[in-house]
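Working notes for the structure below.
Where a number appears in this text, it was derived from the coordinates with a stated rule and is not lab data. Since the model is a prediction, treat every value here as computed from it, not as a measurement. Cβ sites come from the backbone with ideal geometry, for glycine too, and all protein chains shown count toward neighbours.
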Amino acid sequence: MPPDVSAPPMSAAALMWRGVRRHRARLLGCYALITSWLLCEALVPVVIGVMIDRAVTTGDLDQLAVWGGVLVTLFVVLSYSYRLGARFGVAALQLEVHLLRVEVSEHVLGAGGARTGLLPGETLSLATSDAETIGELLWNIGYTLAGLVGVVVSAVVLFEIDLLLGLVVLIGVPLVLVVIQVVTPLIARDTTDQQAGIATATGVATDLLKGLRPLKGVGAEDVATSRYRVHSATARDASIRVARSSGYMYGLTAGLSGLFLALVAYLAGTRALDGDISIGELIAIVGLTQFLAEPIAGLGETSAQVARSFASAKRLVEFLHTPPLATHGSTVLDDPRAELSLASMTSGPLCDVDLSPRLGELVGVVVDDPAGADAVVRLVRGEVRPDERSGSLTLGGHPVDELTIDSLRSRVVVSQHHVDLFEGTLRTTIDPDDVLDDDQLAAILEASAASDVVDLHPEGLRQPISAGGATFSGGQRQRIALARAMATRAPILVLAEPTSAVDAMTEQRIADGIRSLRHPEGSSLSTLVITSSPALLASADRVVMISDGRVVATGTHHDLAQRDDYREAVLR
């Protein structure tokens, strides 16, 4: 079944109902079969009671054979009903969990991204723990419906045997459930805190592991560990509160159920001693009394499951309604030679900035503030909403926020300073669509100085890459990311500090490589490099210097090197 591409549900209840609707065929089969199973379970003591009254006490072998056959048939039906019902139910559960994971992934990995404010580990927790908790309710609903049917059938049988016992069951079961509901809100609140705490702790742990090398380099392991310990303790305390609350509820359920069942057994025994009911009816009552313990306990567990599932569903709905990172419209840009232009742009630390790389131009940008450099990157990626900026931001003369996301991303590729590498081989990382021939790939590897990474491994381009590229040094990851960016052959390529982790000789190779690969004579490709590297800036056609959020100078690297502030920013 394909993912539901409609707008995300507006509430936790709507999310849960959507899950029921899109698996209704499997769930109907599951609920019918599970109900059949529990109904047969309820009828087992009844059939045994009838067998005793009609066959055992009378010595009638024909009746014994008939009711023995009925009992065997009952066990066959209940066995296969549960097996098949469980298959349908678990299939629906697993598929719903899968679709929720896909929905979470598409929300953050879609072209527009998502402004969630969550750490990667927190998003992972939503896609795993929360999704599974939501899916579990689909199965639990079937068990709840079956439990209710079992209780009703038991009550009807008890009515047939004795009116008083039937009334006790019909009145006692709702009273037990009402008392159970008293602690359900406590479970829901504690579960929300627990899931949030787990997500935060997971996010911090993921962050810590990803930055383990830099942390060791600056000797900050103890600080990072202490931070994780605090968040982990918070998650632990929340889990303990949930376990305690759940324990109270389960204990209350078991206690009330035990008292209720003891009352039913006492009344039935009294009626049997008075001769008002037969031995078979007494056995049926005792059997039904024991049977009722399971569905009543299950109904109590359902309350806790509903609380947990709705707490997770609420978190997921809030996540799915976070706004996109990039704003976009419906205008399709057809011009492959469109120019990017920032005019009088004010956003964040930037104030009245003009930055417009022309066709075929290699432009270097020096920013004295990392926040300013990040603001430039977010602007050209289309991640700043119109209400968060002023000035003009256009591509091919069209406001960026009016273009389709495909029009923007197909023409403007941004390689950020932080490098994310994914599992696969070196070749699939650089050329995931397999569109480059060997000569083109070799030219890109040479231009990005990534050929050294290839040569160092016996498998060359077939060498495996682990998640995050953890087996590579920082400089190697930068060169692989640069090769990946240049392999897109984007009309406008934006590079943010692409050589900060490489040595001076490699930096010069990369500067020459960018110039030769993207800017030969007659090229219409534009490149914007945000850097403080003298080698990269020296190869640029034009350098724009931004200080205190404003453009303070424009010219060649040689010309700007006469300025004290420029030399302080770039010369090493």
Please report the antiparallel percentage of DSSP beta bridges with both residues in the chain, rounded to the nearest 5. 45
Rg (one decimal) and Dmax (whole number) from the Cα set of the stretch 302-435, in Å, equal 19.4, 65
Directionally averaged shadow of the stretch 106-162, computed from the convex hull of its alpha-carbon atoms, nm²: 5.7
For Ala254 and His321 in the same chain, what is the full-extension length gain: residue separation times 0.36 nm, less their Cα-Cα distance, in nm? 20.1 nm
Residue order, fewest to most surrounding Cβ atoms within 10 angstrom, among Trp17, Trp37, Trp67: Trp17, Trp67, Trp37
Zone reached by a paramagnetic label modelled 7 Å from Ile240 Cα along Cα→Cβ, restricted to the stretch 281-306 with backbone N below 17 Å, covers none
Rounded tilt (10° steps) of 163-181 against the dominant C-alpha axis of the chain: 20
Take peptides 259-272, 499-512 and line them up by average Cβ neighbours within 10 Å, highest first, as a rough protection proxy. 499-512, 259-272
Segment Gln63-Arg87, extension gain: residue separation times 0.36 nm, minus the distance between their alpha carbons: 5.0 nm
Percent of Cα-Cα pairs per 5 Å bin, from 0 to the last occupied bin, for the stretch 1-122, please list those. 2, 10, 13, 13, 11, 9, 8, 7, 6, 5, 5, 4, 3, 2, 1, 0
When you have a sec, figure out the Kirkwood radius of the stretch 62-178 from all distinct Cα pair distances and drop it here in Å to one decimal? 18.5
What's the FRET efficiency of Asp455 with Ala553 using the Cβ-Cβ distance as r and R₀ = 35 Å, to the nearest 0.05? 0.30
So the label point goes 7 Å from the Cα of Ser516 along Cα→C-beta, right? Which residues of the stretch 436-477 then have their backbone N under 20 Å from it? 437-456
Over the residues of the stretch 453-572, compute the C-alpha Rg and express it relative to 2.2 N^0.38 Å. 1.18
Output ordering of 105-112, 477-484, 330-337 (per-residue mean of other Cβ within 10 Å, highest first) is 477-484, 105-112, 330-337
To test your reading of the geometry: what angle, between 0 and 90 degrees and rounded to tens, separates the Cα axis of helix 12-22 from the longest principal axis of the chain? 80
Cα-based Debye curve of the stretch 362-421 sampled at q = 0.18 Å⁻¹ gives log₁₀ I(q)/I(0) of -0.74
Protection proxy ranking of 452-465, 342-355 - average other beta-carbon atoms within 10 Å, highest first: 342-355, 452-465
If you take the beta carbon distance between Val102 and Thr331 as r and set R0 to 30 Å, what does 1/(1 + (r/R0)^6) give as a FRET efficiency, to the nearest 0.05? 0.55
With every atom except the alpha carbons ignored, what do you get for Rg and Dmax of the chain, in angstroms? 34.2, 117
Over the chain, what relative contact order in percent results from Cα pairs under 8 Å that are six or more residues apart? 15
With Rh as the Kirkwood radius over Cα pairs, the stretch 340-570 has Rg/Rh of 0.97
Could you tell me the largest-minus-smallest coordinate of the C-alpha atoms of the stretch 416-504 on each of the three principal axes, in descending order and whole angstroms? 29, 28, 24
Ignoring everything except DSSP H segments at least 4 long, calculate the 222 nm mean residue ellipticity for the chain; use -39,500 (n - 2.57) per segment, divide by total residues, nearest 500. -21000 deg cm²/dmol
Calculated diffusion of the stretch 259-316, Stokes-Einstein form, Kirkwood radius summed over Cα pairs, 4 °C and 1.567 mPa s, µm²/s: 96
Once both axes come from the Cα atoms, what is the angle between helix 221-273 and the longest principal axis of the chain, in degrees from 0 to 90, rounded to 10? 10
For a label point 7 Å from the Cα of Leu164 along Cα→C-beta, name the residues of the stretch 259-275 whose backbone N is under 15 Å from it. 263-275
